[in-house]
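Everything below concerns the one structure shown next.
What follows draws every value from the coordinates through simple rules; no lab data is involved. Remember, it's a predicted structure, so these values are computed and weren't measured experimentally. Cβ atoms come from the backbone with ideal geometry, glycine included; neighbour counts cover every protein chain shown.
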Amino acid sequence: MSKTLAFLICFPLVISLFYCPANGQQDFQQYTIEQFLKTTSYRGASFSPDNTKLLVSDDSTGVFNAYAIDVTTDKPTQLTDSTTDSIYAVSYFPNDERFLYTSDQGGNELNHLFVQDVNGKTQDLTPGQKLKAQFMGWSADDQFFYVGTNERDSRYFDVYEYKTDSLNREMIFKNEEGFNFVDISPDRQTLAFSKTTNRDDSNIYLLDRESGSIKLITAHEGEINFAPATFTPDGKQLVYITDRDSDFKYLEKYDLVTSKTSPVLKSDWDVSNASFSKGGKYFVVSTNEDAKTNIQVYDFATMKPFSFPAINGASITSFTISPNEQNVAIYASDSRMPNDLFYAKLPTGEPKKLTRSLNPEINPNDLVDGEVVRFKSFDGTTIPGILFKPHQAEPDAKVPALVWVHGGPGGQSRVGYRGLIQYLVNHGYAVYAINNRGSSGYGKKFEQLDNRNHGKNDLMDCVTSKKMLIKTGYVNANRIGIIGGSYGGYMTLAALTFQPDAFECGVDIFGISNWYRTVQSIPPWWESQRKSLEKELGDFSDEEYFRSISPLFHSNQIKKPLMVLQGANDPRVIQVESDEIVEAVRKNGVPVEYLVFDDEGHGFRKKENQLEAYKSILQFVDTYLKKSQADER
């Protein structure tokens, strides 16, 4: 806790702290990490066959479990009771209240698909060792559903068709070339696949189930992305996403009879998804607009948009229409409101809030909105990001800051609620969630700027962002750190290694320290993405190059305090990545704090682990970014 905080009053039953700045700014409360973690995360929304309930997952028990929420009473009924591994609800069955869910083992990402019946009895639909399975959708007639598993070949996902009633299955596609199944036509005769060459080049293939022939429908020259989205409800066309002759992705359609293509929708931003309601009345399109999801619903025949009520100015992040097309489940969020679930009658019903995810002890007015802020980097490239200004911050009360680097490569920090960011901001840190070059969502040219250039110009974007923070007038120039997870963890290590004077400390959350080992040990089910990763990162056999950008082999240059957090079961960034960088930096005599969670993977899902991790992060940055700060003002 900052030494400049004045505690005006303490009540035994209130654990929030009141902050009173010297300039007379309105008081606001500070909250503990325990209070932030009483916020509940929700995900998923599947309508029950009678449309009276929604199947969701939430982590109110400390790990994710499945719940049914009554749309009339808002009352949740817990359906699973796992205390160890998170359970993520997938879907109700179309004609009964059995439901599908997925779960892995301790975060190892080897998900299996399970069915639970109305009596609570569960069955693993994908039994076996060291396999990964994923649900891939229902047939139009509800008599079948589709599952991909890599049980036969760990590199690729074969496609199985399961009967809804008996749960018997049949392999309908043996995957031997890295195809990715996306959709099946309403008559179940045509399967749509994507196949990736690299991040900037992909194709669409159609499989005729009767003949077994597979057809490339997007033959092209140069690098163009094509990705199937969905078949039209009549099965005559395939809607797909492409960036042909465009910096941004847009929608076209392919006629299965004539093989002709025609435009559907273009935007000034990337189209990220498109789908139809079950009966085809509604066509739902998502676009990624300046780090914020925009969802628009159309009449497909005319592309005339439907108008739906806004939700308190929040951004709609998902829009699930019931099979009878009379109801909709909506998730909406903003920086101060975690994803909450709403329910409405179509077409014009007023949305009803079903969940209240934010801990009621927390006043949203004490949190802050993220603002999209751009700056010119070292070479003139415009770099976007989301800036969070704490209530404490003023020119005469400057605050420390953290540059937050997202995962990836190719990820994006988004406008919306992030509990850890709000916790840090609430405790007096400005946070800039940078979308450095190479981030997605700003066109393919911007996304390609870091190809085979990692830890270099993208890192310089992070370093240059300090100037923008200092120019705000409320950030202490001598108290700026860097934090990130996964690829962002690598960027943290790269910053402390290759720009050792740029930041005062770094927090590496399961970041890569040895790129050569990492690319040699990618999970086998990433095989279909191998060429894409090589285009992005570099030739996997080029050990010299990967050593040149790996902090581990230059760790003697690290001189600023480092914190490292790691899940022992992480299949993407294995624990040795963190073990070795910690050992190496400690040899420099540099302060290093290291936390390993034995029951986590690539991300910390359990609240007890989040509690320890987030509290430790705040204590670490308080130690190295707030010490002696009062003397500098």
Name the residues whose placed amide hydrogens come within less than 5 Å of the amide hydrogen of Gln30, ignoring near sequence neighbours (fewer than 5 apart) on the same chain.
Leu17, Phe18, Tyr19
Would you list which aspartates and glutamates come within 12 Å of Lys627, measuring only between C-alpha atoms, while excluding same-chain residues fewer than 8 positions from it?
Glu504
Would you kindly calculate the translational diffusion coefficient of the chain, applying Stokes-Einstein with the Kirkwood radius from alpha carbon pairs, for 4 °C and a viscosity of 1.567 mPa s, and quote it in µm² s⁻¹ without decimals?
50 µm²/s
Where does helix 487-498 land angle-wise versus the long Cα axis of the chain, in degrees 0 to 90, nearest 10?
30 degrees
Phi-derived 3J(HN,Hα) across the range 249-262 with the Karplus relation (6.51, -1.76, 1.60, θ = phi - 60°), rounded Hz, x for Gly and Pro, is 7, 9, 9, 10, 9, 10, 7, 5, 8, 8, 6, 7, 10, 8
Rounded to the nearest 0.05, FRET efficiency between Glu543 and Ala310 (Cβ-Cβ, R0 51 Å) equals 0.40
Principal axis lengths of the range 119-270 from Cα atoms, whole Å, largest first?
51, 33, 33
Among all the aspartates and glutamates, which ones have a C-alpha under 16 Å from Lys121's C-alpha, if same-chain residues fewer than 8 places away are not counted?
Asp81, Asp96, Glu97, Asp165
Based on alpha-carbon atoms only, what is the radius of gyration of the range 454-556 relative to the globular estimate 2.2 N^0.38 Å?
1.19
What are the extents of the Cα atoms of the range 222-356 along their three principal axes, listed from largest to smallest and rounded to whole Å?
48, 32, 20
At a 10 Å Cβ-Cβ cut-off, how would you order Arg374, Arg336, fewest neighbours first?
Arg374, Arg336
Where does the charge balance sit around Asn514 when Lys and Arg score +1, Asp and Glu -1, over other residues with C-beta under 9 Å from its C-beta?
0
For the range 368-626, what is the Kirkwood hydrodynamic radius in Å, using each pair of distinct C-alpha atoms?
18.3 Å
Toy charge model, Lys and Arg Cβ at +1, Asp and Glu Cβ at -1: the chain dipole around Cα centroid in debye, rounded to 20, equals 1200 debye
Hey, can you grab everything whose amide H is under 5 Å from the amide H of Ala229? Only 5+ residues off in sequence or another chain; H modelled, so Pro and N-termini drop out.
Val239, Tyr240, Ile241
Checked against a 23 Å limit on the C-alpha separation, the offending pairs among Lys389/Lys615; Lys53/Lys236; Lys292/Lys376; Lys174/Lys281; Lys253/Lys278; Lys376/Lys535 are Lys53/Lys236; Lys174/Lys281; Lys376/Lys535
Determine which aspartates and glutamates satisfy two conditions relative to Lys345: a Cα distance under 16 Å, and not lying fewer than 8 residues away in the same chain.
Asp50, Asp70, Asp74, Glu325
Karplus-derived 3J(HN,Hα), 6.51/-1.76/1.60, for each residue of the range 100-107, Hz, glycine and proline x
9, 9, 10, 7, 10, 10, x, x
CD proxy at 222 nm, helix term only [per DSSP H run n ≥ 4: -39500 (n - 2.57); per residue of the chain; nearest 500]
-4500 deg cm²/dmol
Over its Cα atoms, what ratio of radius of gyration to 2.2 N^0.38 Å does the range 293-391 give?
1.39
Of Lys292, Lys376, how do they rank once you tally other Cβ atoms within 10 Å and put the fewest first?
Lys376, Lys292
Of Tyr516, Ser322, Ile581, farthest towards positive along the dipole that unit charges on Lys, Arg, Asp, Glu beta carbons give the chain
Ile581
For the range 356-404 and the range 133-198, compute the distance between their C-alpha centroids and round to whole Å.
43 Å
Let me spell out the model: positive unit charges on the Cβ of Lys and Arg, negative unit charges on the Cβ of Asp and Glu, origin at the Cα centre of the range 368-626. What dipole size does that give, in debye rounded to 20?
780 debye
Acute angle (nearest 10 degrees) that the helix 575-586 long axis makes with the longest principal axis of the chain, alpha-carbon atoms:
10 degrees
Which entries of Lys266/Lys607; Lys38/Lys75; Lys75/Lys607; Lys444/Lys560 show an alpha-carbon separation above 30 angstrom in the structure shown?
Lys266/Lys607; Lys444/Lys560
Can you tell which of Gly408, Asn609, Ala291 lies farthest toward the positive end of the dipole of the chain, using +1 and -1 charges on the Cβ of basic and acidic side chains (Lys, Arg; Asp, Glu)?
Ala291
